[in-house]
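Colleague: Questions regarding the structure given below will be posed in turn.
The values are calculated or read from the model by the stated rules, or taken from the named source; none is laboratory data. In this text the structure is predicted, and so the values were computed from the model without any measurement. Here the Cβ positions follow ideal geometry from the backbone for every residue, glycine too, while neighbour counts run over all protein chains shown. In case anyone asks, the SASA skips ligands and DNA or RNA and just uses the protein heavy atoms, side chains included. Shrake-Rupley method; radii C 1.70, N 1.55, O 1.52, S 1.80 Å.
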Amino acid sequence: MYNIAVIPGDGIGEEVVKATTTVLDKLDVEFNYTHAIAGDKCKEETGVPLPDETIQIAKESDAVLFGAAGETAADVIVRLRHELSTFVNLRPVKSLQPEKYGNIDFMIVRENTEDLYIGDEEETPEGAIARKKITKAASDKICEYAFKYAKDTGRKKVTAVHKANVLKISDGLFKKCFYETAEKYPEIESNDFYVDATAMYLITNPLDFEVIVTSNLYGDILSDEGAGLVGGLGMIPSANIGDENGLFEPVHGSAPDIAGQGIANPVATILSACMMLDYLGESESARRIEDIIVEVIQEGKIVTPDLGGTASTQEMAEYIASKI
Ligand code: ATP
């Protein structure tokens, strides 16, 4: 039995997390859910966006399933990643509809603890300054993770993404750490691109990418671009992994424009739960659900509007669950 902290959060977060537990409940795996609150609504109700009790529940769990936070995202999910010391954010960009989007399949390995996300901003007489933090330790760790991931999963190439021509010292350090790590993995091809060029290559040559390793902000932006390549934000899951904790969440946010309508695509969150199952050592169940999702999308009968159907979030989840 696994103790799972469930933090639905705001907007569509609540809908997609409910859909996901509907699917998980059909497995032959036992989960003990502890629900915890965080986000905009939590701040309105309790005065704080991320209560200490929620952090405690997350830390004590075997894994955390997270939905989305709205305006308070920086104080909720960025802080939670920090509190749980999840140093890597894995964002697989994989096409589940090859006939429509081609065989796109690459992994974004995003550094999860520093960069501009340290939130060190201040007002100045002229305007404002934000500091970007890049350390050797975190850069070495994330590059090592990326190469090891490539090796373990049979990928042949790792691409570093940075802007070292402008940010010579900070991104320059990241690039240096990348090539030092690459030397330890001679069997894996390594190359690097500037982030602006990468934004274009992802559109023109998406099949050239296998594993991208990059800093926090570029990883965030490129994963939304990646979502656009394979059917939208409703399709991309993510895993935040640390030495002691794992937190699993869709790449999308609270999507206030569609919240409450029951039309959000639950696939991103269900696939995040599959990453959670892998993390817990329940890979057979993870593959089973993934296969069913592909089947359901191929059928195209009971899918949400972003996938061309008319089903609600919960109807699609129940259909997926019924096939387990
Ligand atoms: P937030 O401020 O919480 O990040 P946002 O609207 O800025 O919210 P996202 O939640 O990432 O950003 O959503 C961006 C757009 O993608 C939304 O307009 C929404 O319509 C669409 N979208 C996001 N997630 C889904 C989903 N699961 N299913 C369908 N559409 C989605």
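Colleague: Quick check on my filter: what residues within region 253-268 are within 11 Å of Glu14 (Cα to Cα) and among the polar types (S, T, N, Q)?
Modeller: The answer is Ser254, and nothing else.
Colleague: Can you go through Leu80, Leu84 and tell me which one is over 26 Å from Asp196 (Cα atoms), within 16 Å of the ligand (Cβ to nearest atom) and either open to solvent by 30 Å² or more (accessible area, probe 1.4 Å) or in contact with a strand residue (DSSP E or B) (Cβ under 8 Å, 6 or more places away or on another chain) (or both)? Show your work before the answer.
Modeller: Working: Leu84 fails: within 16 Å of the ligand (Cβ to nearest atom).
Checking each option against the conditions leaves just Leu80.
Colleague: So, in region 232-262, exactly how many residues are in contact with a Leu (Cβ under 9 Å, 6 or more places away or on another chain), open to solvent by less than 30 Å² (accessible area, probe 1.4 Å) and more than 10 Å from the ligand (Cβ to nearest atom)?
Modeller: First pass over region 232-262, keeping only residues in contact with a Leu (Cβ under 9 Å, 6 or more places away or on another chain): 232, 234-242, 244-253, 255.
Filter once more, so that each one left must be open to solvent by less than 30 Å² (accessible area, probe 1.4 Å): 232, 234-242, 245-252, 255.
Checking the rest, the ones that are also more than 10 Å from the ligand (Cβ to nearest atom) come to 237-242, 245-249.
Of the residues in that region, 11 qualify.
Colleague: Just checking, how many residues over region 142-155 are in contact with a helix residue (DSSP H, G or I) (Cβ under 8 Å, 6 or more places away or on another chain) and either among the acidic types (Asp, Glu) or outside any helix (DSSP H, G or I) (or both)?
Modeller: Residues flagged as in contact with a helix residue (DSSP H, G or I) (Cβ under 8 Å, 6 or more places away or on another chain) and either among the acidic types (Asp, Glu) or outside any helix (DSSP H, G or I) (or both) within region 142-155 amount to 2.
Colleague: Of all residues in region 9-36, which are within 16 Å of the ligand (Cβ to nearest atom), open to solvent by 30 Å² or more (accessible area, probe 1.4 Å) and either under 18 Å from Ala259 (Cβ atoms) or not β-branched (Val, Ile, Thr) (or both)?
Modeller: Those that are within 16 Å of the ligand (Cβ to nearest atom), open to solvent by 30 Å² or more (accessible area, probe 1.4 Å) and either under 18 Å from Ala259 (Cβ atoms) or not β-branched (Val, Ile, Thr) (or both): Glu14, Glu15, Lys18.
Colleague: Separate question: List every residue pair whose Cβ atoms lie under 8 Å apart, where the two residues are 6 or more positions apart in sequence or sit on different chains, the first residue falls within region 165-177 and is outside the structural domain of Ile142 (by TED's automatic domain parsing), and the second residue, located anywhere, is surrounded by 12 or more Cβ atoms within 10 Å (Cβ to Cβ) and not in a loop (DSSP other than H, G, I, E, B).
Modeller: Going by the 8 Å Cβ cut-off, there are no qualifying pairs.
Colleague: Pick from region 197-223 the residues that are in contact (Cβ under 8 Å) with a residue 12 or more places away in the chain and of a type in the set (Ser, Thr, Tyr): which of them is most open to solvent (accessible area, probe 1.4 Å)?
Modeller: Tyr218
Colleague: So, of the residues in region 118-141 that are in contact with a Lys or Arg (Cβ under 9 Å, 6 or more places away or on another chain) and in a helix (DSSP H, G or I), which turns out to be modelled with the lowest pLDDT?
Modeller: Applying the filter and picking the extreme gives Ile118.
Colleague: Right, next: When the residues of region 269-296 are narrowed to those that are more than 19 Å from the chain's Cα centre (by Cα) and either open to solvent by less than 10 Å² (accessible area, probe 1.4 Å) or within 13 Å of the ligand (Cβ to nearest atom) (or both), which ends up farthest from Val23 (Cα to Cα)?
Modeller: Across region 269-296, the extreme among qualifying residues is Val296.
Colleague: In region 11-41, which residue that is among the acidic types (Asp, Glu) and out of contact with any Asp or Glu (no Cβ under 8 Å at 6 or more places or on another chain) is nearest to Leu247 (Cα to Cα)?
Modeller: Glu14
Colleague: Would you tally the residues in region 270-285 being touching a Gly at 6+ places or on another chain (Cβ under 7 Å) and not aromatic (Phe, Trp, Tyr)? Give the derivation first.
Modeller: First, the residues of region 270-285 that are touching a Gly at 6+ places or on another chain (Cβ under 7 Å): 276, 279.
After this cut, where a residue has to be not aromatic (Phe, Trp, Tyr) as well, the list is 276.
Of the residues in region 270-285, 1 are touching a Gly at 6+ places or on another chain (Cβ under 7 Å) and not aromatic (Phe, Trp, Tyr).
Colleague: Please pick out the residue among Asp291, Asp243, Asp257 that is within 30 Å of Tyr149 (Cα to Cα) and without any contact (Cβ under 8 Å) to a residue 60 or more places away in the chain.
Modeller: After applying the criteria, what remains is Asp291.
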